[in-house]
Each structure stands twice: as C-alpha cells, then as structure tokens.
1. Tally Lys and Arg at +1 and Asp and Glu at -1 over the other residues with C-beta under 13 Å from the C-beta of F:MET17: what net charge comes out?
2. Sketch the reach of a paramagnetic label on A:GLU288 as a point 7 Å from Cα along Cα-to-Cβ, and name the residues of the range F:71-91 whose backbone nitrogen lies under 20 Å away.
3. Carbon and sulfur: what percent of chain F's accessible surface (1.4 Å probe)?
4. Net charge around C:ARG29, counting only other residues with Cβ within less than 10 Å of its Cβ (Lys, Arg = +1; Asp, Glu = -1)?
5. Mind listing the label-point distances from D:ARG44 to the same position on all other copies, shortest first, one decimal in nm, points 7 Å along Cα→Cβ?
6. Leaving out ligands, DNA and RNA, calculate the buried accessible area for the pair D and C with a 1.4 Å probe, summed over both sides, in Å² to the nearest 100.
7. Apply the Karplus curve 6.51 cos²θ - 1.76 cosθ + 1.60, θ = phi - 60°, to the phi angles in the range A:96-105 and return the couplings in whole Hz, x for Gly and Pro.
8. Which residue fluctuates most in the GNM of chain A (Cα springs below 10 Å): A:VAL284, A:VAL301, A:VAL239?
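The values are calculated or read from the model by the stated rules, or taken from the named source; none is laboratory data. Note that the structure is a prediction, hence the values are computed from the model and not measured. Positions of Cβ are backbone-derived with ideal geometry, glycine not excepted, and every protein chain shown enters the neighbour counts. Areas reflect the complete protein model, heavy atoms only, side chains present, ligands, DNA and RNA absent. Shrake-Rupley method; radii C 1.70, N 1.55, O 1.52, S 1.80 Å.
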Amino acid sequence: MDIFTLAANNLLSPIILSFALGVAASLARSDLTIPEAVAKGMSIYLLFAIGFKGGVSVADHGIDLTLGLSLLAGIVLSFALPLIAFALLQVMSGLSRLDAAAVAAHYGSISIVTFVAGTSVLESAGLTYEGYMVAVAAAMEAPAILSALWLVSRGAGGRKMESDLWREILLNGSIVLLVGSFFIGMATGKEGLAEIESFIVAPFKGVLCLFLLDMGLVAGRGLRQGGRVMRPGLLAFGVVMPLIGSVAGLGFGVLLGLSTGGVLLMMVLSASASYIAVPAAMRVALPEAEPSIYLTLSLGVTFPFNLTLGIPLYLAVAQMVTGG
Amino acid sequence: MDIFTLAANNLLSPIILSFALGVAASLARSDLTIPEAVAKGMSIYLLFAIGFKGGVSVADHGIDLTLGLSLLAGIVLSFALPLIAFALLQVMSGLSRLDAAAVAAHYGSISIVTFVAGTSVLESAGLTYEGYMVAVAAAMEAPAILSALWLVSRGAGGRKMESDLWREILLNGSIVLLVGSFFIGMATGKEGLAEIESFIVAPFKGVLCLFLLDMGLVAGRGLRQGGRVMRPGLLAFGVVMPLIGSVAGLGFGVLLGLSTGGVLLMMVLSASASYIAVPAAMRVALPEAEPSIYLTLSLGVTFPFNLTLGIPLYLAVAQMVTGG
Amino acid sequence: MDIFTLAANNLLSPIILSFALGVAASLARSDLTIPEAVAKGMSIYLLFAIGFKGGVSVADHGIDLTLGLSLLAGIVLSFALPLIAFALLQVMSGLSRLDAAAVAAHYGSISIVTFVAGTSVLESAGLTYEGYMVAVAAAMEAPAILSALWLVSRGAGGRKMESDLWREILLNGSIVLLVGSFFIGMATGKEGLAEIESFIVAPFKGVLCLFLLDMGLVAGRGLRQGGRVMRPGLLAFGVVMPLIGSVAGLGFGVLLGLSTGGVLLMMVLSASASYIAVPAAMRVALPEAEPSIYLTLSLGVTFPFNLTLGIPLYLAVAQMVTGG
Amino acid sequence: MQMHNAKRIEITIEAIMQKRLTQALENAGVTGYTILPVLGGSGRSGAWSREGQVSRASGMVQVVCIRRPNEVDALLQAAFAVVETHIGVVSVTNCQVLRAERF
Amino acid sequence: MQMHNAKRIEITIEAIMQKRLTQALENAGVTGYTILPVLGGSGRSGAWSREGQVSRASGMVQVVCIRRPNEVDALLQAAFAVVETHIGVVSVTNCQVLRAERF
Amino acid sequence: MQMHNAKRIEITIEAIMQKRLTQALENAGVTGYTILPVLGGSGRSGAWSREGQVSRASGMVQVVCIRRPNEVDALLQAAFAVVETHIGVVSVTNCQVLRAERF
Ligand SMILES: Nc1ncnc2c1ncn2[C@@H]1O[C@H](COP(=O)(O)O)[C@@H](O)[C@H]1O
Ligand SMILES: Nc1ncnc2c1ncn2[C@@H]1O[C@H](COP(=O)(O)O)[C@@H](O)[C@H]1O
Ligand SMILES: Nc1ncnc2c1ncn2[C@@H]1O[C@H](COP(=O)(O)O)[C@@H](O)[C@H]1O
Ligand code: NA
Ligand code: NA
Ligand code: NA
C-alpha cells in the first residue's frame, strides 16, 4: 500500500470520522456532549485494555534486553524532546519562557490515544509490535515534566519542585492503571486474556470511536475558545514538532532493532503530545502558564494532525527504513 | 404468526419486561435509579449504533429516489401530525391552546427508542427494512416544533421564534449524533461495520434492556407525580393519537412502495411521540405550557402503549396490507 | 486440583489482581478513581446479568421443593448469623452493644460480588450450581437487619423500627434489580438469554475486573482512614466470622442436598458480609453506630479474605464433604 | 429591582436521609427547596468522598431552602428533628429575593 | 486580610436556559460566574430529580455570580428578563471577597 | 432555636488544587468542610465546562467551610497562600448555625 492509500484508508476509518464528527458538532455549537463520568469511564476502559494486552504479549514473548533498552530510550526521549521543543518555540513563537516551557513539557510526554490509534493502524496493515511498547508509553509520561521545570528554573525565579508534586505525577491515575494492568496481563498471560477477551478486545475499537467523538467535542470547544491564542508560529510548531519527534523516535527505534510496528509506535509516542497528565501537572507546578495555549496546541492541533496524516506518514517512513 | 402470538411474544421479550420492571420499581417507590450520566451514556451508544448501522445499510444498497421521497414524506408527516393532534385535543381534552399545541408537537416528532424497538421486532420476525429509515427518523424530529409554534402564534399573542432556538433544535445532540453516525456508516460501509461490529451490534439489545429499565423508572416516576393531570380524555388521546399516526404512516409507506419492514417503521415513527428533543424545545419556546402534561402523556402513556401493543398491531396491519 | 493450586490459581486471576491493584493504588495515594456514576452503572450491570442468568437457569431446570427450602434456609441463616456474630463480638472486641449489633447485621446479610466471584471460581473449576441461588442471595439481604435491631432493642432504649425503613430495605435498588431480572430471566428463558447473551454473558468477567478495581480503591481508602479503628480483636473477627458462616452454610447446603456448586455458594453467601444494603440501613436505623467500623471490617477485611483465601478453601471443603 | 428579605437555610446531610428531611420540611409547610450534590467533605466523623461509591451509605447532599424570615423557626425545628441524631450541618443566611410571592 | 464588600447572586434555573442566562449576564457586563449542578428539587411546579434523565428538559443548574454592590441592579435586570417566564429562583446575599480587582 | 453566629467561607478553586487547599485548611485548624462539584464557569481566564473532560486539569470544585468568626482570619491566610497564584474565588458570608460546638 502506498502512503496515499494508507492515508485515505485511515481518514475513512470510523475512528477518525468519529473524531471529525465531534469537532464539527462542537464548532457548529451543537449541544452534543458526553458526560464527564462516561468519558472518564471510557478512558479507564481503554487504559486497562491496552495495558492488559501489552502485559499478555510480554508474558507470551518473554522479557529481553531490548525491553529494558526501549524503556531507557523512552525516558531519554521524554527528557530530551522538551529541550528541542523549547528551543523551537523560542524561534517560532513569541511565547514567554514560562509558556514555552509548559508547552514543551507536553511534547516530551505522550498521548495514549494517539498510541492506541497507532496500534489500530498497525492491525489494519497486518503488522505486529512489541507488547512492551505500552510500558515504554508509561515510562515516557513523566520525565518531560522535569525537563520543563528545569527549563523554567534556569531562567528567572529558581522554582523548586514541591515535594508532593513528584509523587502525584508518578502515581497519577493513568500511569498507575496502565502499569498496573500491564502487570496483571503479564501475571495472568494468555489464560487471563481468554477470560476477559470479549470485554477488552472485541468492543475495543467501538469504545475508541465514542472516546474520539468526545475528544473531538473537547478539541472543537478548545479551538473555538482558544483559537485567538493560535498565532501562525504556534500553529506551525504544532505540526513541525511531531515531525521532529517522529524522526527522533525513528532513530531510537531502528537503533534498538525494533520490528516495523515497534518502530512506528516509538515514532508515534515521540510525535504525540500529552493532554491529560501534563496539563494537570502544569496547573500545579506552573499555574502562571496559560492553559489555553498548551491545551489548544496539544489537543486541537497536534492530536488531529497525528491522527489523520501523521500516523500514515510515520508508517510509510518506518516501512521504508526497516524494509518491513 | 397471528397478531396475538406476536403481541404475546413481544410482551415477553427482555426489553419490554425491563421497562415493566422499571415502572413497577418506580411505582413501588424503590430507590432503584440509574445515574444520569449512565443513562446519557447509553442513549449516546444507542444513537451512535442505530445511525451507523443505517448508514452502512444505505452504503450497501445504494441511494435511490425512494430515499429522497421517504425523507420528504417524513417531513410532511412531522408537519401535519401536530395539526391533527391539536384538533383532536381540542375535542377530547380541556387543555388550553398553549398546552394543546405543546402536546401536539410531541406527536409530530418521534421517539427513537420506539423506533429501535420496532427494528428489533422486525429482526425477531425475520424481516428487513430500508436502512435510510434512520435518516427519516432524524428528519421527523424537528418540523413538528414549527407546527406547534405556528398553532400558538395563530391564537392570541403572536409568538415569534427566537433566532437561537431554531439552530438549537436542528443541532440538538441526538440529531447530530444520529445523522453524523449515519454518514460515518455510509462512508465506511461494511468494512467499517466489521471493525466495530462487536461493539455496536452484539451488545445492542442488552444495552437497550437497561435503557428501557431506566425509561421505565422515569416513566413510573412521571406517572406517580403527573397522574393527577391525566384526565380520561387525555389518556384516551394518548392511545388514539398513535393509532391515527400509524395509519398516516401506513398510507405514506405504501404509497412509497416501501418493504413491509419499512412500512412498519414509517408507522412506528408516525405513531411515536418525542420525549427528549421536543420537551426541551417546549421549555424554551413555550415555558408557560405545563411540562407534566406532555411528559406524562408521551412517556407514561403513548410510549408504553406503542412498545407493548402498538408495534405488534402495526406489524400485523403492515403485513396484511403489503402482503409481506 | 488440591487446595493450594486452587488458591494460587484464584490469586492469579485478573479479577483478584484488579482488586489488589485498586487497594495498592489507594494505599499509595494515587489519584486513580472511578466516577461514582460509572461504579453504579457497573453494579447495575452486574446485578442485572447475575439475576437474569439465574432466572434463565431456573426456567431451564424447573422449580422444585429444594428451591423453596433453600430460600427458607437462606432466611434462617440471615436471621441467625447476626446473633452468632454479636456473641462473638462481645467476646473478641470491646465494641459497644450498638456497634456490635451494627457489625453483626453485615455478617448475616450478603455481598453479591463475593457471590459472583464464587460463581466464577465454579466456572473455572467446571462445576455447575442451582440457578436459584441468586434468589437465595436476594432473600438473605434483609433479615439480618431485623436481627440487629432486635439485638439493640433488647438492650437499653427500646428502639422500634421506623415504618418507612422496612419498605425501604425490602425495596432497595439492589434487591429489586436482582429479583426483577431473575423473574425476567425466568419469563424469557433460553430465548431471552440468546437475545442478550453477548451483553450479559461475554463481557461479564471483564466488567467484574473493573468493578473490583473500584472496590479495591474504596476498600484501600477505607483501610487508610479506618485503619485506626481496627484493633486486633476486630481484625480477627473479620476472618473468623466468615469461617463460622461458611460452616453454617455448609450444614444447610448438605442438608438440602444441593450440588457441590450450590453448597459452595451457600457457604459463600453465609461467609460474606454486606457492604451496600446494610450500611445504608444502619445509617438510618442506628445512626449512632460508627460507620468506619463496619465498613472497614466488611469491605477492608472480610471481603478480601473471602475473595482470595476464603472461596478456594470453601470449595475444597465443599468438594470433600459432597464428594463432588 | 424590588427585593424582599428572606432567609436561606442550607442543610448538609447524609444522602440516605434526604427523603426524610424533605418530607419533614414539607410537613412543616415548606413549599420549595433545591438539592445540590456534594462531592466529599470532612468533619468530626472523618473524611469521605463520593468517588467510586456504589452504596448511598456514605454520600451527602445539600438541601437549600429559601424561606420568609418569620417561617424559619418552624423549618429549623422540623429539620433539627431529622438531623439531630445524624451527622450534618445547618446554616442560615440573610438574603434577598425577587418574586416574594413564591416563598 | 483585606476584604471587600460584594454581593453574591444565586440563580437556580432550568438547564435548558443556562446559556441564555449567562449570555444575558455577559451582555450586562458580568465578567465571572460559576455553575453548580443541581440534583433535584421541589417547588410550585412539583418535584423533579435528575436521576435517570436523558433529556435536559427537566434538569436545573445554579448560576452563582459575585459582583460589586453597585453593579448588582443591572445584573438583576438582565437575569430577570430571562428568568421571568421560567421557573427558577433568584437570591442575593451580602458577602466579602478577597482580591476585589477581579469582580 | 438557639443559633450562633458564624462565617461561611466559599472557595472556588481548580480541582487539581483541592487536596492542597484542604490540607492547608486542616493545618490552620479547620475541622470541617464540604466539597461541592462545579459544572463550569467563566472568568478572566475564559469559559470552561466539565463536560467530556477526562483530565482534572480544567475542572473546579467549591470548598465550603463554616467557621467561628474569630477563627476566620487564620483560615483565610491559609487559603490565600494556596489560591494566590491560582485562578479561583474566595467569598465570606455571615451566617448562623445550630450546634455551635461543632465548629
Ligand atoms: N465546619 C464545617 N463546614 C462545612 N461543612 C462541614 C463542617 N463540618 C462538617 N461539615 C460537613 O458535614 C459532614 C459531617 O460532619 P461531621 O458530623 O462533623 O462528621 C462533613 O463530612 C462535611 O461534609
Ligand atoms: N423556596 C425555595 N428554596 C429553594 N429552592 C427553591 C424554592 N422554590 C423553588 N426552588 C427551586 O426552583 C425550582 C422551581 O421552582 P418552582 O418554579 O416553584 O416550581 C424547584 O424545583 C426548586 O429546585
Ligand atoms: N465574579 C465571579 N462570580 C462567581 N464565580 C466566579 C467569578 N469570577 C470567577 N469565578 C469562577 O472562578 C473561575 C476562575 O476565574 P478567573 O480566575 O477569573 O478565570 C471561573 O471560571 C468561575 O468559575
Ligand atoms: Na511526545
Ligand atoms: Na410521531
Ligand atoms: Na453472610
């Protein structure tokens, strides 16, 4: 399949169209909304399912050195990408140091839904991937926050990390659920999966559609309200930065000798920007940074870009490079 | 199958019994309740699934003239039925013009759950139907509201439609979701359905049971509180009007040359009364109309009538007339 | 399978590990939480599914004398166990009469999730059970409350039951839903089940995992806050009482000639302690009793004990005694 | 605009007692009240939270009632009879309302 | 701490009217408000509850707005125009706020 | 009925700061508070709504605390230290309470 067919196929998947429906409904100011509790329930379901399946796959293939190295690569990427993002923002946008650091943190961390969309594109393409990439995703959530705080403290002020915050970030709900269900999957293996397969595998994509509908609604609302902060430089950053991230992910993926699917996911993780864990951490640690900037950029620009064009592009590149 | 077997079968389906359980629990003043967020979540699921499946079926069978004509027929019915309902109410009940117009609006519009119950009776009877009937359902939601406002404005006062309201009605959540998922289904077709089938097809009826349990709880609560407004004339209207509606639907259905299943659904749509979109619109447009009248009538009388006796009756008639 | 393998298997099931994850997350003060509405939605799903399946199984095997006698046995157990628990608490703990009575009520009543965990262990072991055990579970919910109130009224004060309370307890949401769906299952039988099987059977265990994750979160929070009230005597009671209960259940089960699976479930019901219906009733009827005592004991001690060690132990005993 | 003096009574009480409280208020002649959800809280009986709870045993609600000043005492008597043995908080604030005929 | 006199206006209104109300408030110069969920209530038009409701037709919300005393009248005029034909309750309480520059 | 003067402090603050705020209140000797959910609102930093949100980054809550008048200042100091750099609103109202021994 060439890249255009891939992209077209991807754009016509129920998942992407559900996201588009959400954005459209929101921009048209429809009163369509998904209750907060239902959205949280779906995100719990998705995290549990993706973690569990990752764990089962590791139980199946065994632990090896590459697993450890991949985790390390993820952590390094999460630390390093904010520095690149920060430098880029200084050049491309007129953001203050503080706002730039806050935005940068988001791009070092990851979006688990983008990751899931990546796995579902792999599935459609008939490609497999290393199950522990879920653990890499979890490992990449937090380090970026440290980098951002370091960037801020280097400047004026000298901000030190509140003692509670660090525990809060590492033990935030998504990480705990993802890692916890990963270990449950590892411990129970194929038999465990067989028991709950018709809950966590069969309906997975359908739930993902409704979840993306909700993300579209929220992103659309953000675009409507945050649109005024989106100057051209920032917009461009929201598209350029994931491309840079994906190249970094590609490098590490190839270096580690991951499968084509694994390389794609490494690219996707690096390219994606957080919209749950990092915004919450930023509100606590850098309350003066403007949330509408980082939320609109991450959820309204980079997320849809990755979802629609990014992933097929990364896959084409990954296949070219790995020959897979 | 004769009509009595049909009715009996229908009455013993888990769907109807779940509704009955809800009504009974509510009348016995049990504290059984379904959280608002869960009820909304289920309704989002049902709308998404029914819209999507309708779209897939249209993608499968192609668009033809009958589709366009059916949409038109639905719109005409939705405009016309409130006029009949209003005249009938003037004769049968002592309602004020205002309350009568508000009630009439509900009967021109539709109840999507009654529609879904109709499709599931068709399935049990092994009958198919035109997939675009979902689009007809969506088209019938709103015109009735205009008719009602016109009825009121003809009388004293001269009420003109607030500019916002019209957009609000056309873009209300249920219509957007139904139409949106219909288009997603059309765009992705059978392959799209295959991806999310185990989410939107397999568990559909089970979710419908729990949703009807909730509707039973709400209807029972309404009956307990609104019972005092239910004079005999109104009660009779709640049963006679759906019969009249179904005959109108039958006429259009046969005229259009729909399949037996399609004719049944046209009858069901015409016979059913709105209990989500129209009540909300009435609160904004006709706040002086008494909500307990239209809500109790629509949800407490007409909905259960259609669900239990109406649908089997309509099906028997549809089969007789179309020879299907 | 010997008892150790059973226990080990049980401990490594996704269900138990999900509970453990919840407890761990809560003790580590992670912000992982499941919205109230989602937790309630899952509990409604579980009650509906378990009731329905029980009813279908009764429709399948017919009603016989043992059904009636088992219900009676359940009621007797529910009345009698609080007396034993109360006496034991007088000896083992320094609780006031009031607190002891409140705790005792919980141990006469039942925990439906423990029951469900029992059925799923039976399934894994390839054993069947009498479908009406669900009805026995429902019958055991309430009588224990009467016993507790009698215990209190015998002492100082002379507390008489408020007229409303009794209706409230018998018609509480869980009982109504469990009994209602049991009757729906009985009325619709195998055909009814076939219609909604992919909703109430296939995903059941998966939902149970997430529900137990939530119970773990709530239990962990309770342990963190209520830990200070857990003196050694109370802790011991929380483990000894289920053992005593299980022996009582064993006696009745064998006397009634139940299958091995049925005997196990009778043991599990007797051994389990309520954490939904009875706490609510106690807040109304005995508001001076300290909730943190009975909630922590029931949810933080006895529930995990039964879930992890109790059920495999009871099964081993049931198999030994019935030779099944 | 024309405002009228009134009292705003707020009663934070266990969810399980809500119906008993509103019944008592209605018996005391109260014609209107509003019920707000409560997420969590802390008091002498410890901290609690609604998150993840299935049982109504540990949730609370807030019943808000606006009333003419001269009718507040009857209301408080009625409320107190219900709240007395239960955990909960009652507060009264002076306020002003539009459309006094409603209270 | 340095406190400033202000008025706290609470408007309990049908959910379906929320946007119209906040729009009217904004048009009247209101710069901030908070919206609280309402579980249920009772008034002259009977009792209602949010439980199980799918439609927004029968839910209510509470809009809370803190405002400088001299600007309350314009606010009430604007609110009243929306609330007038609808069920709902408006109350005003004296309060004190930190950071007066925000109101 | 016997009523006692008290102050009702309401703090609308980001959900993410809730624990920090209540911790600070407890350190300042506060023995009780109630937390109400907030659906949405609008202020200088724009409008927001809870609907569809998964993250806690953009939700708010309202912490309500009733306190004896003479102990309000310590409470406000503690609250202000947390709220200062964050968006949020603090208001204080005079009220009267039953059962003064509880506050
Ligand atoms: N001083 C207070 N201010 C506000 N709410 C309170 C206060 N004291 C108690 N509460 C609320 O009332 C509940 C029960 O309080 P208590 O009876 O002291 O355990 C608490 O969980 C809080 O929600
Ligand atoms: N006196 C009152 N105190 C508090 N809330 C009230 C009062 N009267 C009415 N309400 C609220 O306003 C809603 C509509 O009132 P009504 O217009 O009288 O039906 C009720 O359902 C309550 O939520
Ligand atoms: N004047 C006000 N009255 C009531 N709530 C307010 C007011 N100003 C701000 N708020 C609330 O506080 C939040 C943050 O306000 P701000 O810091 O101005 O963005 C808003 O979203 C509202 O929920
Ligand atoms: Na990234
Ligand atoms: Na109709
Ligand atoms: Na028991």
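1. -2
2. Answer for this model: F:80-89.
3. 48 percent
4. Residues near C:ARG29 contribute +1 overall.
5. Copy-to-copy label distances at D:ARG44, shortest first: 4.1, 4.1 nm.
6. Its buried surface, counting both partners, is about 1800 Å².
7. In residue order, the calculated couplings are 5, 3, 5, 5, 5, 5, 4, 4, 4, 4 Hz.
8. Fluctuation is largest for A:VAL284.
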